[in-house]
Amino acid sequence: MSRTSLPLPGGIWTLGDLTVTRFGYGAMQLAGPWVMGPPADRDGALAVLREAADVGITHIDTSDAYGPRVTNELIREALHPYPESLHIVTKVGATRDEQGGWPTARRPEDLRRQVHDNLTSLRLDALDLVNLRLGNAEGPQPGSLAEAFETLVELQQQGLIRHLGVSNATEEQVTEAQSIAPIVCVQNLYNLAHRRDDKLIDRLATDGVAYVPFFPLGGFTPLQSSALSAVAARLQATPMSVALAWLLQRSPNMLLIPGTSSTAHLRENIAGAGLSLSHEDLTELDDIGR
């Protein structure tokens with residue numbers, strides 16, 4: 001595989017014994033509309049994945065529920081056999097219905113099936129990191145994760161999973177997971193306009209646990225803010241570039257997985273996340289989500 005590495009912003013982070021670039025790639029947008037069905041441009045989707053690996057990204061986020069099975073199959077086609085440095089992170093705990101919904105699937109038998117489905121679709125003997133998806137499409141929901149998380153711990157002990165994390169979780173669920181087994185990351189909704197996890201991020205940084213914000217640019221409703229636009233104009237940058245750069249500078253344990261189906265946009269995201277924000281910029285941006 002050729003390598004045309006860009007200087008990736010943020011450096012590296014360790015997820016247990018895995019070293020990953022803090023700037024990663026989220027594969028969700030490679031599926032069809034509303035994350036259902038195949039992409040309109042399959043060759044373009046494969047090109048984005050190969051470009052991500054070529055520029056030096058070593059952290060790709062996916063799920064067998066995307067499509068379903070679409071993004072995992074694209075990753076396998078584009079990148080298998082995987083470079084030793086490349087680490088694929090997946091998640092279990094939700095599936096898809098024919099209407100495009102995300103029904104929960106966290107019974108032990110559901111989780112075992114999903115882990116094996118991910119192994120098959122990615123053509124792996126063991127998954128580098130599996131996040132337990134909690135809550136529902138509305139967001140985190142209170143309640144014990146013990147039975148579901150203990151099922152993943154059993155699969156880890158069987159050698160099918162190397163590391164564990166949680167996603168869409170409350171702070172109490174994060175604490176409960178840590179009381180059962182080590183976790184290496186938390187993947188929750190967080191961006192400039194949604195700052196509920198500020199205290200959790202700081203605690204996880206102290207614990208050496210990564211925080212991976214999903215929808216870092218707002219997801220299906222892109223971030224809009226006069227303060228963000230003002231800082232972007234001052235820096236002669238796009239608002240989305242500023243939002244990514246702010247996340248990387250927010251905390252050293254922050255890992256980014258912005259998604260795109262365009263190779264040009266992937267490179268724009270990399271360049272944008274490398275913006276250097278001044279104390280004045282950060283102060284102005286910090287007021288957005290408070």
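The values are calculated or read from the model by the stated rules, or taken from the named source; none is laboratory data. Source: prediction; values computed, not measured. Note that we place each Cβ from the backbone using ideal geometry, even for glycine, and neighbour counts take in every protein chain shown. The protein model used for the area step is the full one, side chains on, heavy atoms only, and it has no ligands, DNA or RNA in it. Shrake-Rupley method; radii C 1.70, N 1.55, O 1.52, S 1.80 Å.
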Handout entry: Three-way shape call for the range 74-164 based on the alpha-carbon gyration tensor, with the a/c threshold at 1.5
Key = oblate
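Treating the beta-carbon of each Lys and Arg as +1 and of each Asp and Glu as -1, no other charges, what is the dipole magnitude of the chain about its Cα centre, to the nearest 20 debye? Present the calculation step by step, with values, prior to reporting the outcome.
Numbers: 23 positive and 34 negative charges, 62 e Å.
The calculation lands at about 300 debye.
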Practice task
Determine the share of the chain's accessible area contributed by carbon and sulfur atoms, expressed in whole percent, with a 1.4 angstrom probe.
Solution key: 51 percent
Practice task
Express the relative contact order of the range 84-211 as a whole percentage, based on alpha carbon pairs under 8 Å and six or more residues apart in sequence.
Solution key: 21 percent
Exercise for the section: Sort Lys91, Lys199 from largest to smallest accessible area, using a 1.4 Å probe on the heavy atoms of the protein chains. Expected result: Lys199, Lys91
Handout entry: Cα gyration tensor, the range 222-290 - rounded (a/c under 1.5), prolate or oblate
Key = prolate
Completion exercise
Regression test value, accessible area per residue of the chain, probe 1.4 Å, units Å², expected 43 Å²
Handout entry: Relative contact order (%) - criterion: Cα under 8 Å, at least six apart; region: the chain
Key = 18 percent
Practice task
Tell me what the chain gives for mean residue ellipticity at 222 nm when only DSSP H runs of n ≥ 4 count, each as -39,500 (n - 2.57), the sum divided by the residue total, rounded to 500 deg cm²/dmol.
Solution key: -11500 deg cm²/dmol
Completion exercise
For the range 1-141, the dipole about the Cα centre with charges only on Cβ (Lys and Arg +1, Asp and Glu -1), to the nearest 20 debye, works out at 180 debye
Practice task
Towards the positive end of the charge dipole of the range 124-187, with charges on Cβ (+1 Lys, Arg; -1 Asp, Glu), say which of Leu134, Gln187, Ala169 has the farthest Cα.
Solution key: Gln187
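Kindly identify the range 152-253 as rounded, prolate or oblate by the Cα gyration tensor criterion: order the square roots of the eigenvalues as a ≥ b ≥ c, call it rounded if a/c is under 1.5, otherwise compare a/b with b/c, prolate if a/b is larger, else oblate.
On the way: a/c = 2.71, a/b = 2.49, b/c = 1.09.
Note, shape of the range 152-253 comes out prolate.
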